[in-house]
Amino acid sequence: MDFATFLQILDSTIRLATPLLLACLAGLYSERAGIFDIGLEGKMLAAAFLSAAIAFVTGSVWLGLLAGIGASLFLSAIHGIASITFRGNQLISGVAINFLASGLTVLIAQSWFAQGGRTPALTDGGRFSPIEFPFAEAILPVPVIGPVYEGLISGHTAIVYLALLMVPLSWYVLFRTRFGLRLRAVGENPAAVDTAGVNVIRLRFTAVAICGVLCGIAGAYLATALQAGFVKEMTAGRGYIALAALIFAKWRPWYALYACLLFGFLQAIALRFQNIDIGAFTVPVEFMDALPYILTVVILAGFVGKAIPPRAGGEPYVKER
Amino acid sequence: MDKMPAWADVLLVPLVSLILAAVLSALVILGIGENPLEALNYMIQGALGSTYGWGYTLYYATNFIFTGLAVAVAFHASMFNIGGEGQATLGGLGVALVCLALPWPHWTLALPAAIIGGALFGAAWAAIPAYLQAKRGSHIVITTIMFNYIAFALIIYLLNNGLKPVGQMESSTAKFPEGAHLPTLHDMLAVIGIPFSKAPPVNISLFLALAACYGVWLLLWRTPLGFEIRAFGKSEPAGKYAGISPTKIIMIVMLISGGLAGLMAINTVMGEAERLVNNSVQNAGFIGIAVALMGRSHPLGIILAGLLFGFLVQGGAELAFWTSIPTELIVVIQALVILFTGALDNMVRMPIEAVFTRRRLAQAGRAENTPRTPGNSPPPTTAAE
């Protein structure tokens, strides 16, 4: 494998890791506040559809992004009402949201565009265009640094840089602000937070809303940056890979970045090579597809460090007993 | 504890949830510019209007009874097995390997062997998440989700490498031998002279599913093990105190659950396709969650809920055939049923409980003559008297 191929793989790693990272950070906020969310997949899918649909109709990718965030927030609201207000089972709510998104997106797409459950292909204004960094062309001839700067660092869409910026930002918010401390506390011991006079319900709703916004951006990225338009089931399990990455990262922002880059790298390799020959035997592409899940199970099993979820995760908070 | 009579819990609450789901579904149909009543008519005609329709409805119901039972058994031990999809996928592998292993002379020999194969493979796929939950405390929901995806990848790999006959383009196994062919409902009813459509794939697995329901009922409510399972499910600390081993219960329950999910393959792989194809489960594992919720985790309820979902799937297929409404409508309806009967259960339950509490208080003569405002939902604190 030559250097150019290697760079291309790293480049697609970043592009494929971006939706994972956004969804993973989305799950991070929600689960740190004690609300399990297996509906990341559905929220991304809904956002992907509505962002593509609105971007196509209006011709503005930014309006599309807003619509995508709106769709995701709507599903977040359902999740919040079901699991916070009515203290329902968060996992079941997540399953329902995934079903709802999977059905509604195709149903509405068919009703609006009548193209077999997809949106029409997006053209220039309807998509995020890559941002070229200054001097990218100029220093291209410089060995190593030039191609890395031009191909790997420069030339991504705005959402890629936004997703990367979200990592330090999330770390700061969660670990260096009062809001973050309370948010984490509400996922560990909501009763203590309540005793301190902080509104548990509002805090959890805020976390679920942040989760919705980030999932919305992730979904919009899929339909308006990574691809040009919405197709049925286009998230293809990314919500679950993000969930896996979240556990892999042990619910921490920086580790989430590493986990998503790793899983993005696996996807990039699986895309680039079908089967990989390693001397005597071949690694089938199906194994590469399954590897994120296998790695997560290994981590969950606690053989390589222990992944301990937030203590109050999944449990509705009842004020009086 | 008795906030309302048993009939209200078993019938009224699911019924109200179902009505809410139906109303929202009707709104969705209106939203995409179609007529809900017309759609319902197509669905009823298509799913229940002929023995052909009934045949498909019962075929789908058979799948959902198996996966619903699988989820319900785990629910009784307070465990959420979301991995029915993967376990049924592996069950399909087990059934296929058994059916292809021998030139079976007759289905009476092939069926018991295939039952063992399907159940064993399904149970095996549930065993690893169960072990990790029991011994290492890994959350079973997450591990079973991961195992679904690992199962999909594994089946695709196996179908393309080894299971596919040489020279075949399509990724599926060879067709099963003639002797592994299960009698269809048409064949069985013909013996006693009742005419039934020949086309639908409903087969003897339907009765296997009903037998499984009876078996699960016996296990849960008529055996010491079933008592232990339910006691453990109600309270793990209390169960431990009573000498119930969590490891044992988790392992046994998940093995049964995975085995039941695996048995679904008897219906789809052996009964219908008669070979193993990719994606043979088609979401039945997930729909099992809805069926178990709807059926209140009781075998009888699961049969009824299985029939309802069988009707939805077949009716939806007919609807898509005759109108421009895509089959995804059914996915939306399923989502709404899961939402209202599962996640938003309290939203339906609290007002109903409040009504019963108020009535009882009024009957006991302890209640003040407060003005009753029908229909409004009191805050949860009044319901929790």
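The values are calculated or read from the model by the stated rules, or taken from the named source; none is laboratory data. In this text the structure is predicted, and so the values were computed from the model without any measurement. Glycine gets a Cβ as well: all are built from the backbone with ideal geometry, and neighbour counts include every protein chain shown. The area values use the complete protein model at the heavy-atom level, side chains included, leaving out ligands, DNA and RNA. Shrake-Rupley method; radii C 1.70, N 1.55, O 1.52, S 1.80 Å.
Computed quantities for the displayed model
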{"quantity": "Solution diffusion estimate, µm²/s, Stokes-Einstein, chain B, Kirkwood Rh from C-alpha pairs, 20 °C, viscosity 1.002 mPa s", "calculated": "96"}
{"quantity": "Karplus (6.51, -1.76, 1.60) ³J(HN,Hα), θ = phi - 60°, over the range A:26-41, in Hz, Gly and Pro reported as x", "calculated": "4, x, 4, 4, 5, 6, 5, 8, x, 10, 5, 9, 9, x, 4, 4"}
{"quantity": "Summed side-chain charge close to B:SER245 - residues other than B:SER245 whose Cβ falls under 13 Å, Lys, Arg +1, Asp, Glu -1", "calculated": "+1"}
{"quantity": "Within straight-line cross-link reach of A:LYS250, lysines at Cα separation under 17 Å, skipping those fewer than 8 residues along the same chain", "calculated": "A:LYS306"}
{"quantity": "Relative contact order (percent, whole number), the range A:84-169, Cα cutoff 8 Å, 6+ residue spacing", "calculated": "18"}
{"quantity": "Pairwise centroid distance, computed over Cα atoms, of the range B:288-326 with the range B:138-190, Å", "calculated": "23"}
{"quantity": "Carbon/sulfur fraction of accessible area - the protein assembly as shown, other protein chains in place, 1.4 Å, %", "calculated": "66"}
{"quantity": "Cα centroid of the range B:8-57 to Cα centroid of the range A:34-108, whole Å", "calculated": "24"}
{"quantity": "A/B buried area, accessible surface, summed, 1.4 Å probe, Å²", "calculated": "3700"}
{"quantity": "Over 23 Å between alpha carbons, listed pairs A:LYS43/A:LYS232; A:LYS43/B:LYS234; B:LYS135/B:LYS240", "calculated": "A:LYS43/B:LYS234"}
{"quantity": "Residue-wise HN-Hα coupling along the range A:255-270, computed from phi with Karplus coefficients 6.51, -1.76, 1.60 (Hz; x: Gly, Pro)", "calculated": "5, 4, 4, 4, 4, 5, 5, 5, 5, x, 4, 4, 5, 4, 5, 4"}
{"quantity": "List B:ASP187, B:ASP345, A:ASP37, A:ASP2, ordered by accessible area with a 1.4 Å probe, largest first", "calculated": "A:ASP2, B:ASP187, B:ASP345, A:ASP37"}
{"quantity": "Kirkwood hydrodynamic radius (C-alpha pairs) into Stokes-Einstein, the protein assembly as shown, 10 °C and 1.306 mPa s, D in µm²/s", "calculated": "59"}
{"quantity": "Solvent-accessible ranking of B:HIS186, B:HIS139, largest area first, probe 1.4 Å", "calculated": "B:HIS139, B:HIS186"}
{"quantity": "Distribution of pairwise C-alpha distances over the range B:172-254, 5 Å bins, in %", "calculated": "3, 12, 14, 14, 10, 9, 9, 10, 10, 7, 3, 0"}
{"quantity": "The range B:199-239-the range A:10-29 distance, computed between alpha-carbon centres (Å)", "calculated": "42"}
{"quantity": "Protection proxy ranking, peptides B:306-312, B:296-302, B:195-201, A:173-179, average beta carbon neighbours within 10 Å, highest first", "calculated": "B:306-312, B:296-302, B:195-201, A:173-179"}
{"quantity": "Within a Gaussian network of chain B (alpha carbon springs, distance under 10 Å), most fluctuating of B:ALA151, B:ALA238, B:ALA261", "calculated": "B:ALA238"}
{"quantity": "Å² of accessible area per residue within the protein assembly as shown, as computed with a 1.4 Å probe and no ligands counted", "calculated": "42"}
{"quantity": "Convex hull of chain A built on C-alpha atoms - directionally averaged projected area, nm²", "calculated": "18.6"}
{"quantity": "Normalised contact order of the range B:61-306, rounded percent, pairs of Cα under 8 Å and 6 or more residues apart", "calculated": "43"}
{"quantity": "Amide hydrogen neighbours beyond the local backbone of A:VAL283, cut-off 5 Å, H modeled", "calculated": "A:ILE276, A:ASP277, A:ILE278"}
